[in-house]
1. Mind telling me which of the residues B:Ala6, B:Ala50 ends up being within 14 Å of another protein chain (Cβ to nearest Cβ), of a type in the set (A, V, I, L, M) and crowded, with 24+ Cβ neighbours inside 10 Å?
2. Would you check if A:Ser168 is within 27 Å of B:Pro124 (Cα to Cα) and away from chain B (no Cβ under 14 Å)?
3. Regarding A:Ala102, is this residue buried (at least 24 other Cβ atoms within 10 Å of the Cβ) and either away from chain B (no Cβ under 14 Å) or touching a Gly at 6+ places or on another chain (Cβ under 7 Å) (or both)?
4. If you scan the stretch B:179-212, which residues turn out to be in contact with a Leu (Cβ under 9 Å, 6 or more places away or on another chain) and more than 17 Å from B:Ile23 (Cβ to Cβ)?
5. Suppose the filter is within 18 Å of the chain's Cα centre (by Cα) and within 14 Å of chain A (Cβ to nearest Cβ); does B:Asp109 pass it?
6. Taking the condition of being of a type outside the set (Gly, Ala, Ser), more than 8 Å from chain B (Cβ to nearest Cβ) and within 20 Å of B:Ala125 (Cα to Cα), how many residues in the stretch A:226-263 meet it?
7. Working only within the stretch A:36-58, note down all residues that are facing chain B (nearest Cβ under 10 Å) and in contact with a strand residue (DSSP E or B) (Cβ under 9 Å, 6 or more places away or on another chain).
8. Condition check: part of a strand (DSSP E or B), of a type outside the set (S, T, N, Q), touching a residue at least 12 places away in the same chain (Cβ under 8 Å) and away from every other protein chain (no Cβ under 14 Å). Does A:Ile61 satisfy that?
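The values are calculated or read from the model by the stated rules, or taken from the named source; none is laboratory data. These figures come from a predicted structure and were not determined experimentally. Cβ: placed from backbone, ideal geometry, glycine included. Neighbour counts: every protein chain shown.
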Amino acid sequence: MAGAVRGGFLLAFAVATGLGAAEAAPAPGEYSVGFITETTGPLAAAGVSFYRGAQLAVEEINQASYVGAGVTLKLAAKESGSDAARAVQALTQLGADRSVLAATCCILSPVAAALKPVTLNAKLPLVIHGATLPGLPNPPYVTSIVGLPGPQEVKMAQALAEAWKPKSVVYFVNADNEGFQNRFKAARKVMEAAGAKTADVISILSSDTDFTAGATQAIAVNPDLVMVWTTQTPAAGIIAALRAREYAGHISASDAISPAPVYKKIGAALAGTPFPILFSPEISKTPEAQAFVAGFAKKFGEAPDTYCAEGYTAIYFIAQGLKALDGAPTREALADALGKATSIEHNVYGGVPMNNGQAEVSNSIIAQWTRDGKVVRWEKP
Amino acid sequence: MLLFAAQLVNGLSLGSLYALFGIGFGLVFATLGVLNAAHGAYASAAALAAYFLIDRFGTPFAVAGLAGVAVGGVLAVVVDQIGFQPLRNRRSGMLAALITSIAFWIILDSLFGVATDQQSLAFPASSYPQAMLALGPLKVPTMQLVNFALLIAVATGVHLLIEATRLGAAMRAVGCNDVAAALGGVNARMIVLVKAFLAGATSGLAGVLAGIATSNVSASLGEGLLLKGFAAVVVGGFDDVRGTALAGLLLGVVEVFVAQYLSTSFRDGFTYLILLVFLVVRPRGLFGRDSVVRA
C-alpha cells in the first residue's frame, strides 16, 4: 500500500514537473531534414534568406543538443528555383531517401499546393515556411509555421485609416499571387469601412520590372494613400517610380520591403513607408530574437531579415517534433508530433500558437525605414 | 488627355529600350544568321558592370555606362568566338547555334546570379539625372527623354553605318555569303567580330538604360528584354534597323496603353498577338526585304 502511494506520488510529481515529456529521447544519430531551396529564380533574394536561417538553426540545434544527447540534424538541400515541377521532383527525391525524416519548403502558394499531394503520398512531414494560402496545411503531414495573411494587414490598415484618414486609396496588387491578393482584400475592406474610396486597383505580375506606367496611372487619380501589396522586386520598383515622379502622398507596403538589401537598392525613397512585420532585427527584443540576430550576424556577417526568421523557425519546429519522440524516429511519429503541436517552442516572435497545423501570429508590429536606413516602429503622427 | 500624353511618353521610353535591344538582336540574326538566346545576358552584363563601377569605385555614371556598353560588346565577341565561330566553320546551321546560345544564356545567367548574390540591385538614385522636365503641363523624367534620344542616335548611326559605308557594305556582303565576300577581298572574320561587338554593345546600352528605368539590375534583367526585343525585330523586319526602332516603340506604346485602358492581364497577350499577326500577314516585317531568310 505504502509502495503504491509512493508510486502514485512519484508519477504525479513527474507529470507536474514535466518530466514525462523530458523522458522522451530520440535515439542518438544524425537525421536529415529536406530543405527545398529557392536560391535561384525570381524569388532567389528571399530564398537565400530562408536557407541561411535554416542553416543557422541546424548549427544551433546541434551545438546545444536541442533535440537530445547525441542527436544531430543535417540539411538535405534540393533546389527548385520556385518552379513547381522542380519542387515536386525535389520532394520526390527527398521522399525516396529514407534517411530524410521531414522536409520544409515553399515561398509560393502554388508550389506548396503542388507538393501537398506528393508529400501526403510519400507520408513525409512537410513544414511550409513561406507560402500563405489558407488551406495549405493538412495535418499531420502538412503544417505551416507562417501566419495567414489578414491580421497583420488589418491591424496596419486600421492604424493608417485612423492616423491619416485617407479619402481615396490606390492599390497595387500581384495578379499572380493569391497571398498578396488576400492581403490586399483584407486591407481594402478595412479602408472602405473607414470611408476611404478605392480610386484604382493596379494589377501587376511578379515578373514585371517596369512600373513607370503604373506609377503614372496611380498619380493621375491623386490618391491620399497608395498601398503596395506585391512581392519584393515590384514593391521596390513601384515605390521608387512613385517617388521619382514626385508623388508626395502616403505609401504603405508589406514586409516584402523590410530586408536591408531593399533599402540599399531604393534608398531614402522608402523612408516613412509603413509595413507590418513579425520580426525585425532592430525592433524584436525577446531573448530568442536577440540571440538569433547575434548568431546570424556572427555566421553570415549581416543582420537577418524576416525570411531568415521563417527558415530558422521551420527547422526549430521540426526539431521540436523530433524532440518529443522516443527511440528511433519515424516519419509517421514525427508527423503525429508536429500535427499535435499547440505552439512553436523556440521562436523569435514572442510566441507562436499552432492551431490544427497552422501557425497563428497576432503580435505583429508596424515598422518603417528611416531616411538613414534604420527600421523603427511606425508611430501615429 | 494629360494622362494619355504621360502614358504615351512612358510607352515611347519603354519602347526605346525594346528597340535598342532589338537592333542588336536583329544585327546578329540578319547578318550572322544566329538567333541568339544569350543576347539578354549581354544586357545584364552591361548593367551589372556599370552598377559595380558606380557602387564599388564611385565611377561617374556616364563613364560607368560606357564601360558597361563596352562589356556588353566584348562579351558578345567572346561568346561568338567560343560558341558560334566553331559552328560557323562547320556550317552547322541555325539549330545548333540556337542550342549553343541557350547554353550560354543559362551559364551566364547563373554566373551573374552568383555575382549579385541573387539580389536585385539598382543604380544609386544620385548617380544619374533624376530631374522631372516640364513639357508644357506634362512632367517627364529626364531619363525617359535620354532613352528616346539615344534610340534615335543609335538607330540612325547603325542604319547609316550599314547602308552608307564600306564597312556596312562588307557587313551586308558577309551576311549574304561570307565565302563570296571573302573572295571579294572582305576580311569576313573581322566583320563578324565587328558585328558581334556592335550587337552586344547596343544590347548593353539597352541593359544599362533598363536598369535605371526599372530600378532593377539583376541577372534576369536581360530576360525581360529578350522576348520583347525579338518581337520588335520580327515586327520591324530582320534586316532594317528603322523597322526595329519603329516596332520597338510601337510595342512599348501598345503595352502601356493596354495596361492603362484595358488590363495588365492582357498586356503581354497583345504584344504577342501583334507578333503573330505580322508573322502570318507580313512575315518580312515593316521594312524587311523579301530575300532575307525567315526564322
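1. On the way: B:Ala50 fails: within 14 Å of another protein chain (Cβ to nearest Cβ).
One residue alone meets the criteria, B:Ala6.
2. Values: within 27 Å of B:Pro124 (Cα to Cα): no; away from chain B (no Cβ under 14 Å): yes.
No.
3. Numbers: buried (at least 24 other Cβ atoms within 10 Å of the Cβ): yes; either away from chain B (no Cβ under 14 Å) or touching a Gly at 6+ places or on another chain (Cβ under 7 Å) (or both): yes.
Yes.
4. Scanning the stretch B:179-212 gives B:Ile191, B:Val192, B:Gly211.
5. Answer is yes for this residue.
6. Filtering the stretch A:226-263 down to residues of a type outside the set (Gly, Ala, Ser) leaves A:226-234, A:238-239, A:242-243, A:245-247, A:250-251, A:255, A:257, A:259, A:261-263.
Next, from what is left, pick out any that are more than 8 Å from chain B (Cβ to nearest Cβ): A:226-231, A:234, A:238-239, A:242-243, A:247, A:250-251, A:255, A:257, A:259, A:262-263.
In the following step, the residues that additionally are within 20 Å of B:Ala125 (Cα to Cα) were identified as A:234, A:238-239, A:242-243, A:247, A:251, A:257, A:259, A:262-263.
So the count comes out to 11.
7. A:Glu38, A:Thr39, A:Thr40, A:Gly41, A:Gly47, A:Val48
8. Working: part of a strand (DSSP E or B): no; of a type outside the set (S, T, N, Q): yes; touching a residue at least 12 places away in the same chain (Cβ under 8 Å): yes; away from every other protein chain (no Cβ under 14 Å): yes.
Taking the combined requirement at face value, the residue does not satisfy it.
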